[in-house]
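Trainee: Please read through the structure below; I'll follow up with questions.
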Amino acid sequence: MATEVQTELASGKPAQIPDRPERGAAPSGKPKRASRGLTAIIGEKLIEFIIRVCGISAIIFVFGIFFFVFREAAPLFFEKHKAPAPDAAAVERHADDHSPAHKQFSLKEFLFSKEWYPTSQSNVRYGVRALIVGTLSVTALAMLIAVPFGLGAAVFVSEFCGGKLKETLKIIIELLAAIPSVVWGFIGLTVMNQIIQNVFNAPIGLNMLNGAILLALMSVPIMVSIGEDSLKAVPDSYREAGLALGATKWQLVYRVLLPAAKNGLLAAVLLGVGRAVGETMAVLMATGHAVTIPFFKTDGSFNPWFMFEPVRTLTATIAAELGEASEGSQHYRVLFLIGVLLFSITFVVNLTADMVIRGIKKR
Amino acid sequence: MFAETPLVRKKHRREILAKSIFGLMSAAMIIPLLLIIGYLVYQGAPLLSWDFLTTNPVGGMRRGGVWSALLGTIWLVGVSLLIAAPIGVLAAVYLNEYAKENWFNRLINLAVINLAGVPSIVHALFGLGAFVLFAGMGRSVLAASLTLAIMTLPVIIASTREALASVPRFFREACWNVGATRWQTIRRIVLPNSISGILTGVILQVSRTAGETAPIMFTGAVFFRNIPAGDLFAYSLKEQCMALSMHLYTVTTQVTGAPKPLPYAIAVVLLGTVLFVNATAIVVRVYLRSRKKW
């Protein structure tokens, strides 16, 4: 019996801690066991129960987040808003109170209209297309900057430098990751603003490019650390085999390590995207906050200088307008619906990243 | 000696080129940032002094220091730490010591990853919907701290878990073999041996909490509150408070006519706090790791 337990312990799967053998399964021969007090046993059961509850707390919180955000948005779909009263007196009354005119909320308009006029007196419109385009374009431009630099830095830190320099760089990158987003926003508002105005001769420095540079700088640290992890996970035998064939470091990186670590690097990029989409304060302060689709001029032709147009993102809209929307109003609920939308977007991005990482671990 | 063929020379040229390009890419990310941080310090320097930290903002937040905001941040960090640290550590204990490799464990993992990825403004909406309105806490330090605690939980879980996983399995086996129960093993062997990772996680959580703005905007932080300077207990759980991050946002975007160095000085105080806490985490990690016996 005892040897069985031991071999099980010795040969058990390394990633998993085997179940502790139950008391009844103790070696035969019935040794006299010092009995523990009842309180100790109950206390232990209690603490194990608490540990289990804490263990599932993450699930509870994620469902809680979705539930409570959706709960505030839900009345949009179930409440029937009365059509504007036809008689003149009612119209006048409507104009007097400063609540925006109510009309039935339409999900189609919400997703596909580019008109965002939440406080209009005559015709309220909640279309988030321009905001979605704003979020996606800032994120895409940020990734265009961040991906080459982030992955390049990951390769440099992991493969090309060693010893002291490597440790120093890793610490600096860790510290950069800790800079609060409101400080980034402040940097965008003051330093970047002036730099963009002077370098590109742009009329305003608070625009898509400014936000994208900030988001790029913010998501580089996470890309470097995860990219470096995935490069480190490539077995050393690959490197040794390459070096034995006379490959230089660069050939090794290009032909062996990048293909071998490509899933990890993809996950790094995805997590960077997730961070950029969800970023609030920096884009709120730095992107100029105008609800426009930056790719087209007023006459409908393509605007080649779209990166110098101000844009507005989903996150910044919530942050800027929630304070002004009165509790329970349609505007307020629409902002929560944007929250649901954001939650869904980042959920999908993170899920994909997790599946990509899990794919590596299995292999 | 081998003679260098043109092919070999080309190979080495490329090697040097690649190395310098990757090096430049790293430098291009890091150096401008260090310059920017230096610039912030340079601009804020005229105001930075001990008095700046210990006096309240006055004159429509155009003069004075940051005391009430700093104290608010300390309160928010402290309360959210008290909530998040036990839950986070115990959750990590569950994931590493109790959970079996099955679909439920995968689900928990997925939840932790997603909790880390939810945008901060969605956490703010959650805090507003769940704590401020549903639980009836109103906009208060407690509601804001709960929101921050849930938001930063993954930080503690991830680093505690890593620390627990690095305790060798034979430590546990030895303990079980002398008859200890699972919980006794965890308390006497596993937790003491992974204290460095747990501490690092807790400190990182503090730094993350101190810098967040969006989650507290609608759950408990106010633009301005007048409190007596020097009193550490000027706030209470049920009241609203100021916070450094929020203060920086307010002074930068809402207050007109503030002297130019003021927002820079606030930014430097916030940045300094966060970086100091992070540096502490690094020092603790390095020190305790050097004392590890295995």
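The values are calculated or read from the model by the stated rules, or taken from the named source; none is laboratory data. All values derive from a computational prediction rather than experimental measurement. With ideal geometry, Cβ positions are generated from the backbone for all residues, glycine too; neighbour counts draw on all protein chains shown.
Trainee: Can you list residue pairs whose Cβ atoms sit under 6 Å apart, with the first residue in the range B:105-117 being at the interface with another protein chain (Cβ under 7 Å from one of its Cβ atoms) and the second being polar (S, T, N, Q)? Count only pairs 6 or more apart in sequence or on different chains.
Mentor: Going by the 6 Å Cβ cut-off, the qualifying pairs are B:Ile113/A:Asn350; B:Asn114/A:Asn350; B:Gly117/A:Thr346; B:Gly117/A:Asn350.
Trainee: Are there any pairs with C-beta distances below 6 angstrom linking a residue in the range B:54-81 that is closer than 21 Å to B:Ser207 by Cα to a residue that is in a strand (DSSP E or B), with the two at least 6 apart or on different chains, and if so which?
Mentor: Pairs that qualify, where the first residue is closer than 21 Å to B:Ser207 by Cα and the partner is in a strand (DSSP E or B), are B:Gly72/B:Cys241; B:Trp75/B:Cys241.
Trainee: Within the range A:178-195, track down each residue that is at the interface with chain B (Cβ under 9 Å from one of its Cβ atoms) and assigned to a helix (DSSP H, G or I).
Mentor: Of the range A:178-195, the ones at the interface with chain B (Cβ under 9 Å from one of its Cβ atoms) are A:178-183, A:185-187, A:189-192.
Within the range A:178-195, A:Ser181, A:Val182, A:Val183, A:Gly185, A:Phe186, A:Ile187, A:Leu189, A:Thr190, A:Val191, A:Met192 qualify.
Trainee: Here's another thing I want to ask about it. For the structure I just gave you, tell me whether B:Leu48 is within 25 Å of the chain's Cα centre (by Cα) and part of a loop (DSSP other than H, G, I, E, B). Write out each step before concluding.
Mentor: Values: within 25 Å of the chain's Cα centre (by Cα): yes; part of a loop (DSSP other than H, G, I, E, B): yes.
It is true that B:Leu48 is within 25 Å of the chain's Cα centre (by Cα) and part of a loop (DSSP other than H, G, I, E, B).
Trainee: Does the range A:165-185 contain at least one residue that is without any contact (Cβ under 8 Å) to a residue 12 or more places away in the chain and of a type in the set (D, E, K, R)?
Mentor: Yes, the range A:165-185 contains at least one residue that is without any contact (Cβ under 8 Å) to a residue 12 or more places away in the chain and of a type in the set (D, E, K, R).
Trainee: Please tell me if B:Leu71 is surrounded by fewer than 14 Cβ atoms within 10 Å (Cβ to Cβ), under 21 Å from the mean Cα position of the chain (by Cα) and farther than 30 Å from A:Ala153 by Cβ. If you could, list the steps in order and put the result at the bottom.
Mentor: Details: surrounded by fewer than 14 Cβ atoms within 10 Å (Cβ to Cβ): no; under 21 Å from the mean Cα position of the chain (by Cα): yes; farther than 30 Å from A:Ala153 by Cβ: yes.
So B:Leu71 fails the test.
Trainee: Which of the following residues is at pLDDT 90 or above, of a type in the set (Ser, Thr, Tyr) and either assigned to a helix (DSSP H, G or I) or over 30 Å from B:Val255 (Cβ atoms) (or both): A:Tyr254, A:Tyr238? Reasoning before the result, please.
Mentor: Working: A:Tyr254 fails: at pLDDT 90 or above.
Step by step, each of A:Tyr254, A:Tyr238 is checked, and only A:Tyr238 is at pLDDT 90 or above, of a type in the set (Ser, Thr, Tyr) and either assigned to a helix (DSSP H, G or I) or over 30 Å from B:Val255 (Cβ atoms) (or both).
Trainee: Right, another one. Within the range B:129-166, restricting attention to residues that are in contact with a Leu (Cβ under 9 Å, 6 or more places away or on another chain) and of a type in the set (D, E, K, R), which residue is nearest to A:Gly55 (Cα to Cα)?
Mentor: B:Arg161
Trainee: Looking at A:Gly339, A:Gly264, can you tell me which residue is assigned to a helix (DSSP H, G or I), in contact with an Asp or Glu (Cβ under 9 Å, 6 or more places away or on another chain) and within 12 Å of another protein chain (Cβ to nearest Cβ)? So that I can check it myself, show each step before the final result.
Mentor: Working: A:Gly264 fails: within 12 Å of another protein chain (Cβ to nearest Cβ).
Exactly one of A:Gly339, A:Gly264 is assigned to a helix (DSSP H, G or I), in contact with an Asp or Glu (Cβ under 9 Å, 6 or more places away or on another chain) and within 12 Å of another protein chain (Cβ to nearest Cβ), namely A:Gly339.
Trainee: Still on this structure, I have one more. Report whether or not B:Glu15 is crowded, with 16+ Cβ neighbours inside 10 Å, of a type in the set (D, E, K, R), within 14 Å of another protein chain (Cβ to nearest Cβ) and farther than 30 Å from A:Gly162 by Cα.
Mentor: So B:Glu15 does not fit the description; no.
Trainee: Which numbered condition trips up B:Trp75, out of (1) within 29 Å of B:Leu244 (Cβ to Cβ); (2) out of contact with any helix residue (DSSP H, G or I) (no Cβ under 8 Å at 6 or more places or on another chain)?
Mentor: (2)
Trainee: Specify which of the listed residues (B:Ala214, B:Ala243) is touching a strand residue (DSSP E or B) at 6+ places or on another chain (Cβ under 6 Å), among the small types (Gly, Ala, Ser), crowded, with 24+ Cβ neighbours inside 10 Å and under 30 Å from A:Ile65 (Cβ atoms).
Mentor: Values: B:Ala214 fails: touching a strand residue (DSSP E or B) at 6+ places or on another chain (Cβ under 6 Å).
On inspection, the qualifying residue turns out to be B:Ala243.
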